Amino acid sequence: MKHLKIAVIALFTFVMVANVNAQDSNNPWAITLGFNSIDIRGGKSISSIANDYLGTGDWNTLPSISRIGVTKYLQDGFSLQLAGSLNKIKNNGVVTNADMMYYAFDANVLYDVNKLVELAFGSTTKWFDPYVYLGGGYTSLDGNGEAMLNVGAGFNVWFKENVGLNLQSGAKRNFSGEVADHFQHTIGVIFKFGGKDTDGDGVYDKDDSCPDVAGLAAFNGCPDADGDGVQDSKDSCPNVAGLAALNGCPDADADGIADKDDMCPNEKGSAANRGCPDSDGDGVVNKDDNCPNVAGPAANGGCPWPDTDGDGVLDKDDNCVNEAGPASNNGCPEPVITDAAVQTINMGAKSILFNSGRSSFKPGVTKELDAIVAILNQFPKATFAIGGYTDSTGSAKVNSKLSHKRAEAVMNYFVKKGVDASRLTSKGYGSADPIDSNKTRAGRANNRRVEIKVANNN
């Protein structure tokens, strides 16, 4: 009994130390408290061994806690089990009223059969945990003891994550015959403990998605620094409380756009405008719009283009911003006559020739005059100044009078052909402004001319 007491005290000491120091995996420790039954094996044949194993009439059981076991998970399904057993043998297979003290201290290596099940079927149950074991230990029976070989199987049925029922059954084989071969069956309550919690947040590392940072159980151990209900790993604004719909970011103006993405976080706006309002809907947000309540293009700061002269042509496109004119002429007033028409008139005027010293036309001139009349009538708003000229032959007085008559002759012909007289003026310039030399006959002929100029081209 003295040796048994020492063994039990040592086992409890090991358990307490292990509970404090074994903190290197998730719930790696387990303690089992329960009963054990000893069945002294009789016979050598397989059939007698089987019958003996299945029969319960020769089991020896104490009506109290008689076995304490401690299990430490190693790795890859392997665990180490240390156990102490106490019993009193009444039936040793030969004598049924024996009174022999039994105690044992065992060390077994357990292998989790679920590892094989998982390989075969891809998954296992959470509540049923079968295993096989092989080991050895020291067993004493009625004062005689020796080392023995242990082999067997067992299983745990888990009621909760850390609490379950343990059943184990195996055989013990002697080496020297000091202790008879026997079966040992145990049943007890098993408690797992020693789970690692690196960050101290109450969530074991095996269940902690953030094992190095203290967090909340609701987020599998991950933190929520701003307390907005969105864990930091999924929170785009982990230090500022926000909305789950916006990945944890705030939305001060409640426009559905997170403040971090909102160019106008204090004014409700649209996503298209990055959270900024556009009151006039012109595509220029209010903060950049010089006319926020009147639609206008971005090129003019959100303001409408002005039309100073009210001609319907915006100033930006109007070449004459202060004079009304059609768009076809870029906002400028249309000329009363085209440049092409003026050019035709000028060419025609060169063909208006006069008899020498007279104001009468040379033959064939009327044809050119009629062509000019047609142009004048085509542009009824245009007014014209007709100037008459002579060569240098004769006195200035005579030439002045003659040039005037020539200009009048042309004007009178136009009026006779239907041109409004109010549109026409005539004046003689004598021999002034010659266009050719007066020293030659041809030059003097060119100088005896009329010029027809537009008086109001705009």
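We did not get these values from a lab; they are worked out from the coordinates using the rules stated. The shown structure was predicted, so the numbers you read here are calculated from the model rather than taken from an experiment. Cβ sites come from the backbone with ideal geometry, for glycine too, and all protein chains shown count toward neighbours.
Each Lys and Arg adds +1 at its Cβ and each Asp and Glu adds -1 at its Cβ; summed about the Cα centre, the chain shows a dipole of about 3520 debye.
When semi-axes √(5λ) of the Cα gyration tensor in Å is calculated for this entry, the matching label among [x] 41, 30, 19; [y] 34, 25, 22; [z] 133, 23, 16 is [z].
Estimated from helices alone, the mean residue ellipticity of the chain at 222 nm is -6000 deg cm²/dmol (sum of -39500 (n - 2.57) over DSSP H runs with n ≥ 4, per residue). Note on the chain: dipole from Cβ charges, positive end direction compared against Ala298, Gly202, Asn108; the farthest Cα belongs to Ala298. Taking a ≥ b ≥ c as the square roots of the eigenvalues of the Cα gyration tensor, the range 339-454 is classed as prolate, since a/c reaches at least 1.5 and a/b is larger than b/c.
Here's the picture: a label point sits 7 Å out from the Cα of Asn27 along the beta-carbon direction, and within the range 98-120 the residues with their amide nitrogen under 17 Å of it are 112-115. Ranked by the mean number of other Cβ atoms within 10 Å of their residues, highest first, the peptides 286-295, 78-87 come out as 78-87, 286-295.
What separates the Cα centres of the range 378-411 and the range 122-149 is a distance of 142 Å. Rounded to the nearest 20 debye, the dipole size of the range 339-454 about its Cα centre is 380 debye, using +1 on the Cβ of Lys and Arg and -1 on the Cβ of Asp and Glu. Available extension along the chain between Asp317 and Val240 is 22.6 nm, counting 0.36 nm per residue and deducting the alpha carbon span.
Applying a DSSP loop filter and a limit of 13 other Cβ atoms within 10 Å to the chymotrypsin sites (Phe, Trp or Tyr not before Pro) in the range 98-172 leaves Trp127, Phe159.
Annotation: aspartates and glutamates with alpha-carbon distance below 15 angstrom to Lys427 (same-chain offsets under eight excluded): Glu408, Glu451.
Which whole-number percent gives the relative contact order of the range 123-205, counting Cα pairs below 8 Å spaced six or more residues apart? Once divided by the residue count of the range 123-205, the mean separation gives 23 percent.
For the chain, DSSP calls about 95 percent of its internal beta bridges antiparallel.
Think of the range 195-260 as a dipole: +1 on every Lys or Arg Cβ, -1 on every Asp or Glu Cβ, centred on the Cα centre; then among Ala244, Gly227, Pro211, Pro211 lies furthest on the positive end. Computed from label points 7 Å out along Cα-Cβ, the spacing between Asp76 and Ala298 is 6.5 nm. Farthest toward the positive end of the dipole of the chain, out of Trp29, Trp158, Ile337, is the Cα of Ile337, where the dipole comes from beta carbon charges about the Cα centre. Dipole magnitude for the range 2-193: about 260 debye, using +1 per Lys or Arg Cβ and -1 per Asp or Glu Cβ, origin at the Cα centre.
On a C-alpha basis, how far is the centre of the range 258-305 from the centre of the range 418-458 in Å? Whole number, if you could? Between the Cα centres of the range 258-305 and the range 418-458 lies a distance of 65 Å. With the simple spin-label model, which puts each label point 7 Å out from Cα in the Cβ direction, the Glu118 to Lys416 separation comes to 12.5 nm.
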